[in-house]
Structures are given as structure tokens and as C-alpha cells.
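**Student:** Structure below; questions to follow.
FYI, it's all coordinate maths here, none of it is from the lab. These numbers come from a predicted model, not from an experiment. No Cβ is skipped: glycine too gets one built from the backbone with ideal geometry, and neighbour counts run over all protein chains shown.
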Amino acid sequence: MLSLLLGLGIFGLVTSTVFAGMVVAGLRHHIRMAELEPAEWPAMTLLKPLHGDEPGLAEHLAKFFEQDYPEFEILFCARDAADKGLEVARRVAERYPGVRARFFAAGDAPYINAKVRSLEVMGEAAAHDIWVVSDSDVRVRRGYLREVARPFADEKTGAMCCLYRGVAMDGGLWAELEAVGMSVEMTAGVLVANMLEGMQFVLGPTMAFRRAAVEQMGGFRVTAEYCADDFVLGNEAHRLGWKVALSHHTIDHMILNSRFWPSMKHQVRWMKSTRFSRPKGHFGTALTFAMPFALLALGAGWALGHTAVGLALFGWGVATRWAIAWAAGERTVGERSWYLLGVLYPVRDLMGFGFWAASYWGNRILWRGREFELLPGGRMKAAE
């Protein structure tokens, strides 16, 4: 039995090492993908759905008003006109009278995913044909819009997205573990997917579309019943023959969950959503983690009296995580913290396997204070 467990540990280390090699190859592929310089910078409309005031919201919104870009407007929308997030946005906009900003209330949403109605309202009011959708908890630099615009120099590009670096806004162990999961684990998966099949989805913190692509897919309402609206929008654009681009630009995704339980629930919810959106790929994800197999090999080796072998196998697993941390975390999204990459990421890898296992426990998620049931294909309905 112990020999079987040792063999299982070695098998998992082999598969996770293969994945690490694919991440490094994915980095090289991503670097080689050229980005064109637009002959003329297109006018852009930023769509900012809001839901209440969040820590640092005013500071983050201000960065969008300070963009070094020729022509753009910013639209804000929340469900209620009295939403605290809209109040913050109005105060910020007053400091930048040279930037056109408009504010909308979507009212009661007719969809399960209430964000979709806000996107519809803003899309109907948008003055320009390139729409940039970004979450409220992201931080950008002054050159952000220029980087977002680059892929649209190719007329075949219908959608694009940016990779992102997780940033624990208030510090804390649980927020830092969630942040390094975003910076490394998520980025690694995107690099490999982009290398193997090209981008067939987009990432929600920043996603941009041509108006024509959104209209061809039937509008934002195609995501009305989905939790992973970003995946659906990108996948629809790809299905319709549009090119989906992955930018070389990285943004910051601010982690607001500094406490243990909210952080755990958020990460399990994300894993469950992935499980229902891409069930086959999600199932195979188990073989990309190294630390569970490294611990299994260490324990089995020790029990068999081969402690040195077990320690060597454990070290093998850690080394593969460092390789991924370097390729995805440092080289791709610019994370520089040796503590996050070298110490916390191997721990996060072990936790990631736990989140993967937990994703198969039931089909209910808690989102925006409401409970939903996930259905095959990634749809959801209100829990009964």
C-alpha cells in the first residue's frame, strides 16, 4: 500500500512538472506575440459597473480619469441611483472636469446576474465603438488605455483582456495567499491555454470589446444566467470568428478579503464556477498541482524507511512551484516579492488542490449576498 502511495506521489510530480514546463513555454509564446502600434488611437468608452463603496474606491477610480489618452469617456452604473459607489464616482469626477463622465441607475435587474443590466444600460449610452469593461477593485497606470487599445489595431480583434497581479490591499496572510494564487496560479493557466489553443475567453478585471462583436453575439444579455460572464463573453466572441487578444499589459487586482472565511468562500466559489464552465479542463487541473503529491511522496518515503528519497521528491515538488512562480508571477505579471513567490506560493499550491476538491462539494454559491445554484454549462439560478 505504501509503495502504491509513493508511486501515486511520483506520478503527480511528473504531471505537475510537465505542466511547469508548459508554463515556461507559454511565457516564451506570450513574449513572442507582437503587438501593433495603432495608426490612430480609437476613441473609447469605459464601462464601470459599481456596487457600493469599497476600500480605496475613490483612489482607484481616479486613475481612470488620469489616463494619458486622446479621447475617452467614462460611464458608471449601479442598480440604485443612491448607491454609495455612484456617490464616490460623482465626487471623483468633479475633480476632473475635462473628462466626460456620465452616471446611470439600472433599476431592478431582470436577470440572475444583475451586473449584466448595468452593462446593457451603459452600452446603449456609449458614444464610442470600443468598450472597456473593468471591475471596481482594479488599479491601473496612466498608460492603461493605450495598452488596451493596441490589440484593436488588428481589425479582426473583437475582444481583449489583461492579465492581473493580485495585491493584498491591507496585507494579512489570507489576502496574500489569495493574491499569489491570482498572480501565479491563474496566470499560469492562461499562459498555457493561450499557447495551446489561443485565447477563447477573457478575464473580467479588464476586458474590452468592439461594439460590433457585442452586438453580433446578441448583446451583454448572453451572460444573463451565468456567474462567469467574462468567460462567456470571450467564448462567444471566439465562436463568432473574432480574434480574442491577450495583452502584454498587467493591471493590479486588489484583494479585499483579509479574513480567513471570506477569502476561503471566494476562492471555492471561483473554483466551482470554473468546474461548471469548463468541466473537463477543470477535472484535469488536479494533475497540475505539485505540493499534495510532494507531501504524499514525503510521507510514503518516510514510512518505507526511504527518508532521503522522500525529501528529494518533496524538494522536486517545491522546485517546480518556484519555476512556475518565476515564469508566471515574476516574468509575466511583475510580482517581485520573494516571500510571496518563494514561500507562500508552494503553500497556495497545496490550498489550491483543496479548493479544487471542494469545488465538487455541492453546486451552490453565495454571490453578492444571494445564494445560487450552478447548472451544467455554467448557468445559475436562484437557490430555492
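**Student:** Let me spell out the model: positive unit charges on the Cβ of Lys and Arg, negative unit charges on the Cβ of Asp and Glu, origin at the Cα centre of the stretch 35-258. What dipole size does that give, in debye rounded to 20?
**Tutor:** Working: 23 positive and 34 negative charges, 67 e Å.
Rounded to the nearest 20 debye, it is 320 debye.
**Student:** How far is helix 291-303 tilted, in degrees, relative to the longest principal axis of the Cα atoms in the chain, given as a value from 0 to 90 rounded to the nearest 10?
**Tutor:** Tilt of helix 291-303: around 10 degrees.
**Student:** By how many nm would the segment from Glu371 to Leu36 grow when fully extended, if each residue of separation counts as 0.36 nm and the alpha-carbon distance is taken off?
**Tutor:** Numbers: separation 335, 0.36 × 335 = 120.60 nm, distance 4.40 nm.
This chain segment gains 116.2 nm when fully extended.
**Student:** Separate question: Counting pairs of alpha carbon atoms under 8 Å apart in space and at least six apart in sequence, what relative contact order in percent does the stretch 35-258 give? Kindly include the intermediate steps, with their values, before the conclusion.
**Tutor:** Numbers: 455 pairs, mean separation 58.6, N = 224.
It rounds to 26 percent for the stretch 35-258.
**Student:** Strictly over 24 Å apart at the Cα level, which of Lys115/Lys272; Lys115/Lys156; Lys156/Lys280 would you flag in this model? Don't skip to the end; give the middle numbers.
**Tutor:** Numbers: Lys115/Lys272 19 Å; Lys115/Lys156 27 Å; Lys156/Lys280 29 Å.
Beyond 24 Å: Lys115/Lys156; Lys156/Lys280.
**Student:** Follow-up. Before rounding to the nearest 500, sum -39500 (n - 2.57) across all DSSP H runs of length at least 4 in the chain and divide by the residue total; then give [θ] at 222 nm in deg cm²/dmol.
**Tutor:** Values: 14 runs with 173 residues, N = 384.
Result for the chain: -14000 deg cm²/dmol, rounded to the nearest 500.
**Student:** Here's another thing I want to ask about it. State, in angstrom, two size descriptors of the stretch 1-149 derived from its alpha carbons: Rg to one decimal place and Dmax to the nearest whole number.
**Tutor:** 21.8, 71
**Student:** Sticking with this structure for a sec: How far, in nm, would the chain grow between Leu4 and Trp261 when pulled straight, counting 0.36 nm per residue and subtracting the alpha carbon separation?
**Tutor:** Details: separation 257, 0.36 × 257 = 92.52 nm, distance 3.52 nm.
Roughly 89.0 nm would be gained on extension.
**Student:** Here's something else I'd like to know. Tell me the angle of helix 307-324 to the major Cα principal axis of the chain, expressed in degrees between 0 and 90 and rounded to the nearest ten.
**Tutor:** 20
**Student:** So what are the ³J(HN,Hα) numbers for the stretch 47-60, from phi and the Karplus equation (6.51, -1.76, 1.60; θ = phi - 60°), rounded to whole Hz, Gly and Pro as x?
**Tutor:** Couplings: 9, 10, x, 10, 8, x, 7, 10, x, x, 4, 4, 4, 5 Hz.
**Student:** Percent relative contact order of the chain, based on C-alpha pairs within less than 8 angstrom and at least six residues apart?
**Tutor:** Values: 733 pairs, mean separation 86.8, N = 384.
Contact order relative to length: 23 percent.
**Student:** Sticking with this structure for a sec: Stokes-Einstein diffusion coefficient for the stretch 98-211 at 20 °C in a medium of 1.002 mPa s, Rh from the Kirkwood formula over Cα pairs: what value in µm²/s? Write out the running numbers ahead of the final one.
**Tutor:** Numbers: Rh = 16.4 Å.
The Stokes-Einstein estimate is 130 µm²/s.
**Student:** Now for a separate question. Would any residue of the stretch 39-56 have its amide N under 11 Å from a label point 7 Å out along Cα→Cβ of Ala153? List them or say none.
**Tutor:** It comes to 39-41, nothing else.
**Student:** What value does the stretch 35-258 have for Rg/Rh, both radii from Cα atoms and Rh as Kirkwood defines it? Before the final figure, lay out the partial values.
**Tutor:** Numbers: Rg = 16.6 Å, Rh = 17.7 Å.
Taking Rh as the inverse mean 1/r over Cα pairs, Rg/Rh reads 0.94.
**Student:** If you don't mind, there's one more thing I want to ask. Based on Cβ point charges of +1 for Lys and Arg and -1 for Asp and Glu, what charge dipole magnitude is obtained for the chain about its Cα centre, in debye rounded to the nearest 20? List each step's numbers first, then the result.
**Tutor:** Values: 41 positive and 40 negative charges, 125 e Å.
Charge dipole of the chain: 600 debye, to the nearest 20.
**Student:** Report, to the nearest 10°, how far helix 260-277 tilts away from the longest principal axis of the Cα atoms in the chain, using its own Cα long axis and a range of 0 to 90°.
**Tutor:** 80
**Student:** Something else about it: Per 0.36 nm of contour for each residue apart, how much would the distance between Leu173 and Glu71 grow if the chain were fully extended, relative to their Cα-Cα spacing? Kindly include the intermediate steps, with their values, before the conclusion.
**Tutor:** On the way: separation 102, 0.36 × 102 = 36.72 nm, distance 4.11 nm.
Going from the current span to full extension adds 32.6 nm.
**Student:** Report the calculated FRET efficiency for Leu240 and Glu197 (r = Cβ-Cβ distance, R0 = 22 Å), to the nearest 0.05.
**Tutor:** Working: r = 16 Å, r/R0 = 0.75.
It comes out at approximately 0.85.
**Student:** While we're on this one: Once each part is reduced to its C-alpha centroid, what is the distance from the stretch 200-244 to the stretch 70-127 in angstrom?
**Tutor:** 20
**Student:** Could I ask something else about it? Kindly rank 222-234, 266-278, 335-347 from highest to lowest mean number of other beta carbons found within 10 Å of each residue.
**Tutor:** Working: 222-234: 22.5, 266-278: 20.5, 335-347: 17.5.
Highest mean packing first, the order is 222-234, 266-278, 335-347.
**Student:** For the stretch 42-89, what is the relative contact order in percent, using Cα pairs closer than 8 Å and at least 6 residues apart in sequence? Kindly include the intermediate steps, with their values, before the conclusion.
**Tutor:** Details: 56 pairs, mean separation 27.3, N = 48.
It rounds to 57 percent for the stretch 42-89.
**Student:** I'd like the distance separating the alpha-carbon centroids of the stretch 129-153 and the stretch 1-51, in whole Å.
**Tutor:** When both Cα centres are located, 21 Å separates them.
**Student:** Here is a further query. Taking springs between alpha-carbon atoms closer than 10 angstrom, which of Met33, Met160, Met351 fluctuates most in the Gaussian network model of the chain?
**Tutor:** So, out of Met33, Met160, Met351, the one fluctuating most is Met33.
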